[in-house]
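The values are calculated or read from the model by the stated rules, or taken from the named source; none is laboratory data. In this text the structure is predicted, and so the values were computed from the model without any measurement. FYI the Cβ positions are ideal-geometry reconstructions off the backbone, even for glycines, and counts take in every protein chain you see. Keep in mind that these areas ignore ligands, DNA and RNA; they rest on the heavy atoms of the full protein, side chains included. Shrake-Rupley method; radii C 1.70, N 1.55, O 1.52, S 1.80 Å.
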Amino acid sequence: MKPLIRAIVDTAALRHNLDRVRATAPAARVMAVIKANAYGHGLVPAAKALAQTDGFAVARLEEGLALRTAGLTNRILLLEGVFGPEQLAAAAQQRFDLIVHSFEQLEMLEARAGTDVISAWIKVDTGMNRLGFRLEQFAAAYDRLRRVANVAPDPTLMTHLANADDRRDAMTAQQMQAFAVATNGLAGARSIANSAALLAWPDTRADWVRPGLVLYGVSPFASGTGAELGLRPVMTLQTEVIAVKDVRAGETVGYGGAWRASRDTRLAVVAAGYGDGYPRSVESGTPVLVNGHRAPLVGRVSMDMITVDVTDLPGVATGDPVVLWGEDVPVEEIARHAGTIPYELICGVSQRVYLERK
């Protein structure tokens, strides 16, 4: 029995986007970011599709353990590091790379017994003011990390960019300069570029790039789409019409009567709502694809349903296919209608949405 609402994940598009990353930064190794359930695309299946990457980056230990349980032997980087001796022991046992961003984590490594050698990445905070050693602390932290006996020599040096998605913002150049000064003369590979920097700031590509959003075919910039960058959208959120209903001019639709028909209108009631991760904040007029044709959403998004004006689309019937976002109705466009970013939409697809591979 076919589920009503499905997130169809195109694994060939994932591989295409990885190839696009490699073509953009041919001299760099690729740490594919698959945290948060691979941005809503399914952690393990996405990792298997991207198995030719040089490594996987996840946020937390549990994500890395899930990859190992599934039999993936790739290099795995924990972006937040670890937060206790038990986590550190588990990470060492599974041969995870660790980001070290605090003196507490550094002290854990210094106190650790055992001979398992850990590959470490050390993070300098160049202006994000989130994780990482401050510029004035970094040299001392780096020196201490290099003297830990069971940490591999020459840790990778990294930072994270705050505004790389804005090509006109001076902060990225300032962060790059701060990183260059902080790491001048220090041994170790460099890693700076996230998705936006990979595409917009060539000097950030360095030794390792850390693409996330672009792997899923989505643009990291405020305007445009992934397709315009040579990417292919990976997720299609698809559902179907569950009822067709006529309303008269002057009648309202949905909770709060937020939309009033200006003419006699035919509505398609569609099986999708905020309970599935479709954003309640989208406005009337947001495009929906019905039988391959655009039609406007009208009224408020409910938990399980939306209503779409199909007056100008003849022959719409119960069971007809509906695409909420995908190749012909980009998730970037829906995010703009919702007043949010596409990250939030793809990561927010709920558990009751069936993940289907193709």
Considering the chain as a Gaussian network with a 10 Å cut-off on Cα pairs, which listed residue, V58, V244, V323, attains the greatest mean-square fluctuation?
V244
Amide H neighbours of V100 at under 5 Å, excluding residues fewer than 5 places away on the same chain, with H built from the backbone geometry, are W121, I122, K123
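When a/c is below 1.5 the answer is rounded, else prolate if a/b is larger than b/c, else oblate, so apply that to the range 1-73 with a ≥ b ≥ c taken from the square roots of the Cα gyration tensor eigenvalues. Walk me through the numbers on the way to the answer.
Numbers: a/c = 2.26, a/b = 1.27, b/c = 1.77.
Because a/c hits 1.5 or more and a/b fails to exceed b/c, the range 1-73 counts as oblate.
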Along the range 313-329, Karplus-curve 3J(HN,Hα) (6.51, -1.76, 1.60; θ = phi - 60°) to the nearest Hz, with x for Gly and Pro, reads 10, x, x, 5, 9, 4, x, 5, x, 10, 10, 8, 7, x, 4, 9, 9
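What is the extension gain from V44 to T318, computed as 0.36 nm multiplied by their sequence separation minus the C-alpha to C-alpha distance, in nm to one decimal?
On the way: separation 274, 0.36 × 274 = 98.64 nm, distance 3.45 nm.
Working it through step by step, the gained length comes to 95.2 nm.
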Angle check, please: helix 135-146 long axis (alpha carbons) against the longest principal axis of the chain (alpha carbons), in degrees 0 to 90, nearest 10.
60 degrees
Value of relative contact order over the range 1-154, rounded to a whole percent, pairs C-alpha under 8 Å and six or more apart:
14 percent
Go from 0 up to the bin containing the longest alpha carbon distance in the range 163-278, width 10 Å each, and give me the % of pairs per bin.
11, 26, 20, 17, 14, 9, 3, 0
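So, counting K/R as plus one and D/E as minus one, what does the shell of residues with Cβ under 13 Å around D10 add up to?
Values: positive: R6, R15, R232, R357, K358; negative: E327, E356.
Here the count lands on +3.
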Using a basic spin-label model with each label point 7 Å from the Cα along Cα→Cβ, how many nm lie between A149 and A113?
1.2 nm
Stretched out fully, how many nm does the piece from A170 to K358 gain, at 0.36 nm a residue minus the Cα gap?
63.5 nm
Apply the Karplus parameterisation 6.51 cos²θ - 1.76 cosθ + 1.60, with θ equal to phi minus 60°, to every residue of the range 212-224 and state each ³J(HN,Hα) to the nearest whole Hz, in sequence, with x for glycine and proline.
x, 4, 5, 4, 9, x, 10, 6, x, 9, 5, 10, x
Give me, ordered by chain and number, the residues 5 or more places off L161 or on other chains with an amide H under 5 Å from its own placed amide H.
N194
Nearest-0.05 FRET efficiency for Q351 and L186 at R0 = 30 Å, using Cβ-Cβ distance, is 0.10
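Under a Cβ-only charge scheme (Lys and Arg +1, Asp and Glu -1), can you give me the dipole magnitude of the range 1-109 about the Cα centre, in debye to the nearest 20?
Dipole size: approximately 620 debye.
For the range 126-249, calculate the relative contact order in percent as a whole number, restricting contacts to Cα pairs under 8 Å that are 6 or more residues apart.
On the way: 147 pairs, mean separation 22.8, N = 124.
Across the range 126-249, relative contact order equals 18 percent.
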Under the Karplus relation 6.51 cos²θ - 1.76 cosθ + 1.60, θ = phi - 60°, what is the ordered set of whole-Hz ³J(HN,Hα) values for the range 8-16, x standing for Gly and Pro?
8, 10, 8, 5, 5, 5, 4, 5, 4
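If the only charges are +1 at each Lys and Arg Cβ and -1 at each Asp and Glu Cβ, what is the size of the charge dipole of the chain around the Cα centre, to the nearest 20 debye?
Numbers: 37 positive and 38 negative charges, 85 e Å.
Dipole magnitude for the chain comes out near 400 debye.
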Which value, in debye to the nearest 20, describes the size of the charge dipole of the range 236-358 about its Cα centre when Lys and Arg Cβ atoms bear +1, Asp and Glu Cβ atoms bear -1, and nothing else is charged?
220 debye
Normalized C-alpha radius of gyration of the chain, against 2.2 N^0.38 Å?
1.14
Would you mind calculating the relative contact order of the range 269-358 from Cα pairs under 8 angstrom and at least 6 residues apart, reporting the percent as a whole number?
32 percent
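Which of rounded, prolate, oblate describes the range 1-160, given a ≥ b ≥ c as roots of the alpha-carbon gyration tensor eigenvalues and a/c under 1.5 marking rounded, otherwise prolate only if a/b is larger than b/c? Please list the in-between numbers first.
Details: a/c = 2.12, a/b = 1.69, b/c = 1.25.
It is prolate, given that a/c is not under 1.5 and a/b is the larger ratio.
Give the carbon-plus-sulfur fraction of the accessible surface of the chain in %, rounded to a whole number; probe 1.4 Å, heavy atoms of protein chains only. Write down the numbers at each step before the final one.
Working: 7870 of 15900 Å².
Taking all protein chains in place, the chain shows 49 percent carbon and sulfur surface.
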Please name whichever of T69, Y255, P155 sits farthest to the positive end of the charge dipole of the chain, dipole taken about the Cα centre and charges placed at Cβ: Lys and Arg +1, Asp and Glu -1.
T69
Run the numbers for F103 and Q177: contour at 0.36 nm per residue of separation, minus the present Cα-Cα distance, in nm.
24.3 nm
